[in-house]
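Worksheet: one structure, shown below.
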Amino acid sequence: QRRQTTDRDAQAKSMEQTVKHAEKYMGEICYLLGSYTRKTAKLRDKADLLVAQLFDFASTEDPELQISLKNLAEDLAMVQDYRQAQVERLETRVVAPLKAYGDIVKNKRADLKKFNIDLNRELKDLQKLEKIRLRNPADRQSIVSSTYVHLTCLITTYS
């Protein structure tokens with residue numbers, strides 16, 4: 001019985017460590033990825049301003065330079081279209097799934113907390129049963145009653 005309790009404690013600690021580890025690294029990854037996405041979007045915005053400035057400048061120049069500046073602005077605008085697609089893909093295909101994984105980790109944390117509460121309740125019930133056995137080993141009625149209550153609690157907990 002003690003070995004079983006120790007195994008359960010070790011299992012609970014291992015699960016808790018796994019969840020804590022996942023929370024730590026997923027938090028850091030989400031932060032860095034969000035920062036990367038925001039900086040990419042800012043770069044896109046700055047390039048859009050540059051394109052607008054090139055078009056403004058082109059409108060004040062002679063026809064030959066005007067054509068060159070407009071071509072440059074259009075090429076830069078095309079590059080920014082790709083950058084826009086990159087930002088959208090980052091948000092939908094990378095950031096969103098990571099956020100969903102964060103919810104999964106939160107649910108696992110809640111499940112682990114419930115597991116620990118159930119484990120502690122079970123240990124207390126087993127200790128209570130052991131005290132009854134030690135106090136009066138001949139009192140089968142109390143032992144059976146306590147065992148029945150313990151099993152009923154387990155059944156309602158896991159059903």
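The values are calculated or read from the model by the stated rules, or taken from the named source; none is laboratory data. Everything quoted here is computed from the prediction, not taken from an experiment. Cβ sites come from the backbone with ideal geometry, for glycine too, and all protein chains shown count toward neighbours.
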Read through the list (1) exposed (fewer than 14 other Cβ atoms within 10 Å of the Cβ); (2) more than 30 Å from GLU16 (Cα to Cα), then give the number of the only condition that LYS106 fails.
(2)
Only residues in the range 117-134 that are surrounded by fewer than 13 Cβ atoms within 10 Å (Cβ to Cβ) and at pLDDT below 80 count as the first member; pair them with residues that are part of a helix (DSSP H, G or I) and among the charged types (D, E, K, R), Cβ under 7 angstrom, at least 6 apart or cross-chain, and list the lot.
none
Given the criterion closer than 30 Å to ARG109 by Cα and either modelled with pLDDT of 90 or more or out of contact with any helix residue (DSSP H, G or I) (no Cβ under 7 Å at 6 or more places or on another chain) (or both), identify the matching residue among GLN4, GLN66.
GLN4
Just give me the residues in the range 21-47 being in contact with a helix residue (DSSP H, G or I) (Cβ under 6 Å, 6 or more places away or on another chain) and acidic (Asp, Glu), in sequence order.
GLU23
Residues of the range 85-112 being out of contact with any Ser or Thr (no Cβ under 8 Å at 6 or more places or on another chain) and of a type in the set (Asp, Glu), in sequence order, are GLU88, ASP103, ASP111
Contacts under 9 angstrom Cβ, first residue in the range 28-48 being within 13 Å of LEU76 (Cβ to Cβ) and surrounded by 13 or more Cβ atoms within 10 Å (Cβ to Cβ), partner at pLDDT 90 or above and among the basic types (Lys, Arg), 6 or more apart:
LEU43/ARG83; ARG44/ARG83; ALA47/ARG83
Could you tell me whether the range 3-18 includes any residue that is touching a residue at least 12 places away in the same chain (Cβ under 8 Å) and in contact with a Phe, Trp or Tyr (Cβ under 9 Å, 6 or more places away or on another chain)?
yes
Do the conditions hold for LEU49, that is, is it modelled with pLDDT of 90 or more and in contact with a Leu (Cβ under 7 Å, 6 or more places away or on another chain)?
no
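In the range 111-121, which residues are more than 21 Å from the chain's Cα centre (by Cα) and either farther than 21 Å from VAL19 by Cβ or among the basic types (Lys, Arg) (or both)?
The one that is more than 21 Å from the chain's Cα centre (by Cα) and either farther than 21 Å from VAL19 by Cβ or among the basic types (Lys, Arg) (or both): ARG121.
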Somewhere in the range 19-34, is a residue among the aromatic types (Phe, Trp, Tyr) and closer than 30 Å to ASN120 by Cα?
yes
